Amino acid sequence: MLLLPLFQRPAISPLSCIKQKNAASIHVTVDNSGSTGGSDKKGYRAISTRAITLGLQKIVSDIQSNAETSNLDIEVSASGFANNATNIIGWTNLASSPFTKQSFSTYNSNLNRANGGTSYTSAINMASQQFLSKSFSQSCDIWIFMTDGEPSERLQEIDNQITQLENNLDPFLIGVFLGESNNFQILQYILGELD
């Protein structure tokens, strides 16, 4: 699994945004297409989503217990996509979340599902819906997008949708690549790493 660099905006970095707003809304999108049954045999999509969530939950807890630091609010949600996108975890405030390593396992089967095509359009639409319904209205939006495959749509169509998402909501994009190196450039292109 490869972690792509964050797609930077010229105006502000994610760290600066979080420092200014003291809040972040993080949406994780996992690829549930049939090909992930081969490219993610060990279930890294669920493992990674759990690690992100529990790690951030620990950070929020540590910050809140330290009287010398300012408050930080973080909420997390997750969805999966194949031919269509589905909401898996609704927005959850990590300061008061019920997540534990054991309780998070209830999401594993949905996060690691592997069946159907690879509709990036459905993933983009779900991410947009999620950010429009977030609990923290003035938070920094961060979208973590995990995929292994080539989309069913043309790259130009996806690029246009990503541009529209950026213009409307301006999330910071992080890509996580699950597959073989020949499809790596597709994710790089979508995240603005390649022209």
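Once the 1.4 Å probe is applied to the protein heavy atoms, the chain comes out at 48 Å² accessible per residue.
At q = 0.16, 0.24, 0.29 Å⁻¹, what is the base-10 log of I(q)/I(0) for segment 73-122 according to the Debye formula with one equal point scatterer per Cα and no solvent? Please give it to two decimals. With one equal scatterer per Cα and no solvent, log10 I(q)/I(0) is -0.54, -0.92, -1.11.
Of the listed residues LYS21, LYS101, the order by accessible area with a 1.4 Å probe, largest first, is LYS101, LYS21.
The alpha carbon convex hull volume per residue for segment 32-131 rounds to 96 Å³.
For the Cα atoms of the chain, what angle does the longest principal axis make with the long axis of helix 155-168, in degrees from 0 to 90, nearest 10? The angle comes out near 20 degrees.
Here the sum of -39500 (n - 2.57) over DSSP H runs of 4 or more residues, divided by the residues of the chain, equals -11000 deg cm²/dmol at 222 nm, to the nearest 500. The candidates ARG154, ARG45, arranged from most to least accessible area with a 1.4 Å probe in the full protein assembly, appear as ARG154, ARG45. Heavy atoms only, probe 1.4 Å: what % of the accessible area of the chain goes to carbon and sulfur, would you let me know? The value for the chain is 48 percent carbon and sulfur by accessible area.
Taking only the Cα atoms of segment 72-167, the ratio Rg/Rh comes out at 0.98, with Rh defined as the Kirkwood radius.
Looking at segment 22-74, the pairs of alpha carbons with a distance over 14 Å make up 62% of the total.
The chain: percent of C-alpha pairs farther apart than 20 Å? Above the 20 Å cut-off, the chain has 53 percent of its Cα pairs.
The values are calculated or read from the model by the stated rules, or taken from the named source; none is laboratory data. Source: prediction; values computed, not measured. We work out accessible area using only protein heavy atoms, side chains counted, and drop any ligands, DNA or RNA first. Shrake-Rupley method; radii C 1.70, N 1.55, O 1.52, S 1.80 Å.
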